[in-house]
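Enquirer: Handing you this structure, nothing more for now.
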Amino acid sequence: MNECELVKKILNHMNAEDYKILINKVWFRGFWVPGIANQRSDKKWRPKVEFINNDVVLNRKIRKGGKHNYELLIEAMIKMAEDRNDETYLLYNVVRWITDPDSHEEIEEYFNQLENKPKDDTKNDSEEIKDTSEKDDVNVQDNLLKKENEKLKAEIDNWKNRGKKYKENIQNLKIKCSNLEQENNRVKKENGRLIRENEKTKQGKDTTVKEYNDRIIALSVENSKLKEKIRGKYKPKKNIVLSKTSGVSDPKVLCVTKNPADVLIKGYNIYFLTDLEELNKKIYTETVFD
């Protein structure tokens, strides 16, 4: 037997006056009966014992994170027993149950004997409380179940609506992902096109620079020749002296210099190299110079 079952047994054997006092103590502390609307609008209205003496009501919490209804009843029963200060008082069994765990078996046996005791023909105090018919009790339980069923249906509908909303959100996200993927592919293609154009432009630039360099070298050579004609005599700045080998006509000579104008010698086929990086090119590696 647990505390909730203890409360149920005591409620079955309370007299009408004690029950009224008990309900007065818990009613405005948050005690409530599920399925009964506006139950606090009438301060004189009190539920009959059949309305509350069941697991559905007793195990209800007065609010989220608050106490159960049966816990409020236990606290009120203890207060009433302490005020009476009588160990023979019915509610004193609650005090013993809470303060003395060893008394649980004895208290449980006590209530078993009360329930098995032969009933008198006269109406006792507990019967005064139970003055509603079985039909009323069934109706109350039925109303409670209907309220619970409606609450569960509302929760199911709520979850269905949330599920529908989640599906819509997922579909919208899929569409966004597809659009982003298409945009990403477009950007990749555009990037590839720009890279190819850049390579083409770079190649064209390199070719143009090479052509300009070759033209500069040719113009430098022509300029040197013109200078020689004007001066009538060439005096090399770097004292370069080459003696022509007898029997060889216009020997091929490779000259490495930054300024071809500094070197101009008659009777030699001179090829100027102004960039050492060009030394590995075909024109130099496959040409035999004297």
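Enquirer: List the residues whose amide H sits under 5 Å from the amide H of ILE270, counting only those 5 or more places along or on another chain, with H placed 1.01 Å from N in the peptide plane.
Expert: Amide H to amide H, under 5 Å and 5 or more residues apart or across chains, ILE270 pairs with VAL253.
Enquirer: While we're on this one: Considering only protein heavy atoms, what is the solvent-accessible area of CYS255 at a probe of 1.4 Å, reported in Å² to the nearest 10?
Expert: 20 Å²
Enquirer: Okay, moving on. Output wanted: per-residue J couplings in Hz (rounded whole) for the range 163-179, from phi through Karplus 6.51 cos²θ - 1.76 cosθ + 1.60, θ = phi - 60°, x for Gly and Pro.
Expert: Karplus-based 3J(HN,Hα) across the range 163-179 equals x, 5, 5, 5, 4, 5, 5, 4, 5, 4, 5, 4, 4, 4, 5, 5, 5 Hz.
Enquirer: Along each of the three principal axes of the Cα atoms of the range 58-120, give the extent in whole Å, ordering the values from largest to smallest.
Expert: Largest first, the range 58-120 extends 42, 26, 25 Å along its Cα principal axes.
Enquirer: Filter the cross-link list LYS48/LYS146; LYS202/LYS229; LYS67/LYS164; LYS117/LYS146; LYS200/LYS227 down to pairs whose alpha-carbon distance in this structure exceeds 29 Å.
Expert: On the way: LYS48/LYS146 20 Å; LYS202/LYS229 40 Å; LYS67/LYS164 36 Å; LYS117/LYS146 36 Å; LYS200/LYS227 40 Å.
From the list (LYS48/LYS146; LYS202/LYS229; LYS67/LYS164; LYS117/LYS146; LYS200/LYS227), the Cα-Cα distance tops 29 Å for LYS202/LYS229; LYS67/LYS164; LYS117/LYS146; LYS200/LYS227.
Enquirer: Continuing with the same structure: For ASN12 and TYR166, what is the calculated FRET efficiency with R₀ set at 41 Å and r taken between the beta-carbons, to the nearest 0.05?
Expert: 0.25
Enquirer: For the pair LYS117 and ARG63, how long in nm is the line joining their label points, each one 7 Å along Cα→Cβ?
Expert: Here the modelled spin labels are 4.1 nm apart.
Enquirer: Take each of the peptides 7-19, 147-159, average the number of other beta-carbon atoms within 10 Å over its residues, and list them starting from the highest. Intermediate results must be reported in sequence, preceding the final value.
Expert: Details: 7-19: 17.8, 147-159: 10.8.
The most tightly packed comes first, giving 7-19, 147-159.
Enquirer: Applying a 10 Å radius around every beta-carbon, put 183-191, 22-30, 49-57, 70-78 in order of their mean neighbour count, most first.
Expert: Averaged packing, sorted descending, gives the order 70-78, 49-57, 22-30, 183-191.
Enquirer: Moving to a separate point now. Leaving ligands and nucleic acids out of the surface, order TRP97, TRP32 by accessible area at 1.4 Å, largest first.
Expert: On the way: TRP97 15, TRP32 75 Å².
Solvent-accessible surface, decreasing: TRP32, TRP97.
Enquirer: Now for a different question. For the range 146-157, just list the computed ³J(HN,Hα) in residue order, Karplus coefficients 6.51, -1.76 and 1.60, θ = phi - 60°, integers in Hz, with x standing in for Gly and Pro.
Expert: In residue order, the calculated couplings are 5, 4, 4, 5, 5, 5, 5, 4, 5, 5, 4, 4 Hz.
The values are calculated or read from the model by the stated rules, or taken from the named source; none is laboratory data. Everything numeric in this text was worked out from a predicted model, so none of it was measured. Every residue, glycine as well, gets a Cβ built from its backbone with ideal geometry; the counts of neighbours run over all protein chains shown. Keep in mind that these areas ignore ligands, DNA and RNA; they rest on the heavy atoms of the full protein, side chains included. Shrake-Rupley method; radii C 1.70, N 1.55, O 1.52, S 1.80 Å.
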